[in-house]
Every structure is written in C-alpha cells, then in structure tokens.
Amino acid sequence: MKAVTFRDVLILLLVVNGWAFNVIAMKFGLMELPPLFMLTLRFVLVAALLLPFHRLTWRQLPGMVLLAFTFGFVHFGLMVIGMQTADAGTTAVFIQMGTPIAMLLASVWLKERLSYRQIAGVAVAFAGVIILAGSPALKHWQGMVWLLISACGWACSTVLIKRLPPIAPLAMTGWLSLFAIPLVGVSSLLTEQHQLALLMSAGWRGWLGVIYSALGSSIFAYSLWYGLLKRYPASQILPWSLLSPALALLMGVAILHETLDHSKVLGTLLIVGGILLAVVRGAAIRKRVMV
C-alpha cells in the first residue's frame with residue numbers, strides 16, 4: 001500500500017472541510033428558504049450541470065429511479081427536514097450512522113458476514129446515538145428521528161448500488177438528481193408555502209445553501225474524492241471522511257455559535273470511533289456516495 005502523497009493529503013483536507021462546510025451552508029440556506037424547495041433547486045442545478053456530459057442506458061434507468069427515491073428523497077429530503085430542528089454538528093454526526101446501518105443491511109440482504117470487531121464498532125456507534133440524543137442541542141426529538149431515517153436512506157442506497165449495473169459516480173449523481181426533482185418538488189408544493197416569494201427575497205444565505213451544496217459538495221468535492229479513490233485503496237482513504245462530522249461540529253460552534261456540551265462531544269466521539277473501528281482494515285469497505 002503506497003503512502004498518500006503530501007499533495008493528496010491537502011486534497012483530502014480540502015474535501016473533508018468542503019463536506020463539513022456544506023452542512024453550514026445548508027443551515028444558512030434554511031434561514032431563508034423552505035427545506036424541500038431548497039433541495040429541489042439543488043437537484044435542478046446539479047442535473048443541469050452534469051447531464052450534458054453523461055449518458056444513461058436503458059439498463060441503468062430503473063436503478064437511477066430507485067436511487068432517486070432512496071437517496072434523493074429519503075436521504076436528502078429527510079435530512080434537510082431534520083436539520084431544521086438540529087444543529088449543524090449533530091446533523092453531520094447522525095448522517096454518519098448510514099455506515100453502520102449499511103453494514104447491518106449488507107449482512108442481512110447480501111449475506112456479508114460481520115466480524116466481531118465490526119459488530120463491536122456498530123454497537124459503539126449506536127451507543128453514541130443514545131448519548132447524543134440526550135444533548136440539549138437536540139431540542140426536538142423529531143429532528144433526531146428524521147436524521148436517523150435519512151441515514152437509513154443512505155444505507156439502503158449504498159447496498160442497492162452494489163446490486164445495480166455499473167455507472168460512473170458523477171453520472172449517477174446527475175441522473176438521480178433529475179429523477180428526484182419531481183419527488184422533492186411535489187412534496188414541497190404540498191407541504192410548503194410562498195416558495196417563489198421567498199426565493200425572490202432570498203439573500204446570500206439562501207443562495208449559498210443552494211449553490212454551495214450543488215457545486216461545492218455534490219460536484220467539486222466528490223470529483224476530487226472519486227479521483228483519490230482511483231489512486232488509493234478505499235481502506236486507506238475512507239477513514240479521512242470521518243474528519244468531516246468533527247469539523248462540522250467545530251464549524252457550527254465557530255460560525256453559527258452553536259453550543260458544545262458534554263453529551264455532544266462524547267456522543268460524537270463514540271459514533272466516529274465506532275465507525276472507525278468497524279470500517280478500518282475491513283474487507284467490506286465501500287466507496288461513499290455523496291452527502
């Protein structure tokens with residue numbers, strides 16, 4: 001296993017900081033735009049920028065429609081809804097639970113056996129959820145539930161991708177964004193109000209939530225990430241992604257003036273540590289899809 005070059009270490013730090021700031025940007029966006037409407041705009045922008053460069057075969061079409069629901073609607077849709085009542089750091093940490101949930105799903109659905117170390121890591125991560133749930137930062141239990149279901153959507157999508165015909169990562173991003181537009185857009189029309197008026201009156205916060213999440217996270221950061229996965233084994237690169245929730249936690253405190261209590265710190269350490277224990281050196285490490 002070759003060592004990661006200094007240049008690629010800098011790229012990794014840029015990527016994980018970019019993912020962490022994506023949560024901050026989306027929190028800013030939610031200050032001025034309804035969550036599902038903001039997400040619809042993100043999908044429109046991602047699809048418009050990526051689809052001209054990526055084709056989809058008829059064989060790949062059913063999988064993209066399915067991922068549009070599990071990943072575009074369930075994961076992203078419930079994540080932005082849960083973010084309304086959860087702070088940035090808590091959101092980033094809860095979404096990481098998609099990894100141990102995906103391991104459990106793979107053990108049942110794909111018959112992948114979990115080692116004792118992996119089982120211990122999953123258990124530690126879920127213990128962290130219980131502790132984090134007691135943090136004063138979670139003012140409404142509904143937010144935690146939405147975020148956990150969102151993580152389940154990520155986990156289902158991760159397992160589904162293994163059963164679907166191969167497709168380039170950015171092609172997958174663009175096409176599932178296109179097929180998710182009607183799902184999220186109609187949900188916005190049914191549950192939210194004054195979308196166009198709020199869009200016309202939106203300032204830099206609203207547009208930051210849309211543009212950065214589309215360009216900075218979905219396209220730029222993941223293009224760099226996929227490039228790194230081509231040059232190094234996933235087991236060597238994936239642990240770096242666990243810096244993202246910790247960085248989001250610190251950015252939330254520094255930029256959004258969120259609180260940092262003992263439950264949040266301990267819960268975060270257990271979740272990130274449990275995931276690290278479960279995936280490092282594991283044979284079932286998978287390439288991440290976008291967050």
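The values are calculated or read from the model by the stated rules, or taken from the named source; none is laboratory data. These figures come from a predicted structure and were not determined experimentally. Please note: Cβ atoms are built from the backbone with ideal geometry, for glycine as well, and neighbour counts cover all protein chains shown. Note: accessible area is taken over every heavy atom of the protein model, side chains too, but ligands, DNA and RNA are not part of it. Shrake-Rupley method; radii C 1.70, N 1.55, O 1.52, S 1.80 Å.
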So, first residue touching a residue at least 24 places away in the same chain (Cβ under 8 Å) in segment 155-167, second residue open to solvent by 40 Å² or more (accessible area, probe 1.4 Å) and among the charged types (D, E, K, R), Cβ within less than 7 Å, six or more apart or across chains; the pairs are Thr158/Arg286; Pro165/Arg59
In segment 5-16, which residues are open to solvent by less than 40 Å² (accessible area, probe 1.4 Å) and touching a residue at least 24 places away in the same chain (Cβ under 8 Å)?
-> Asp8, Ile11, Leu12, Val15, Val16
Inside segment 17-31, can you point out the residues that are in contact with a Ser or Thr (Cβ under 6 Å, 6 or more places away or on another chain), modelled with pLDDT of 90 or more and open to solvent by 10 Å² or more (accessible area, probe 1.4 Å)?
-> Val23
Condition set open to solvent by 30 Å² or more (accessible area, probe 1.4 Å) and β-branched (Val, Ile, Thr), scope segment 151-178, selection modelled with the lowest pLDDT: answer is Ile161
Within segment 98-116, track down each residue that is more than 23 Å from Ser150 (Cα to Cα) and either among the hydroxyl-bearing types (Ser, Thr, Tyr) or modelled with pLDDT of 80 or more (or both).
-> Ser115, Tyr116
Pairs with Cβ under 7 Å, 6+ apart, first in segment 17-41 and part of a loop (DSSP other than H, G, I, E, B), second among the small types (Gly, Ala, Ser) and surrounded by fewer than 24 Cβ atoms within 10 Å (Cβ to Cβ) | Glu32/Ala202; Glu32/Gly203; Glu32/Gly206; Leu33/Ala202; Leu33/Gly206; Pro34/Ser188
Residue pairs meeting the criteria (Cβ under 7 Å; at least 6 apart or on separate chains; first buried (at least 19 other Cβ atoms within 10 Å of the Cβ), in segment 190-213; second of a type in the set (Gly, Ala, Ser) and assigned to a helix (DSSP H, G or I)) = Gly206/Gly29; Leu208/Ala25; Leu208/Gly29; Gly209/Ala25; Gly209/Gly29; Val210/Gly29; Tyr212/Ala25; Ser213/Ala25
Residues in segment 32-49: is at least one within 22 Å of the chain's Cα centre (by Cα), surrounded by fewer than 16 Cβ atoms within 10 Å (Cβ to Cβ) and within 27 Å of Val186 (Cβ to Cβ)?
-> yes
Return the residue satisfying two criteria in turn: it lies in segment 51-64 and is part of a helix (DSSP H, G or I) and more than 20 Å from Ile219 (Cα to Cα), and of such residues it is most open to solvent (accessible area, probe 1.4 Å).
-> Pro62
From Gly121, Gly128, which residue is part of a helix (DSSP H, G or I), farther than 24 Å from Gln193 by Cα and touching a Pro at 6+ places or on another chain (Cβ under 8 Å)?
-> Gly121
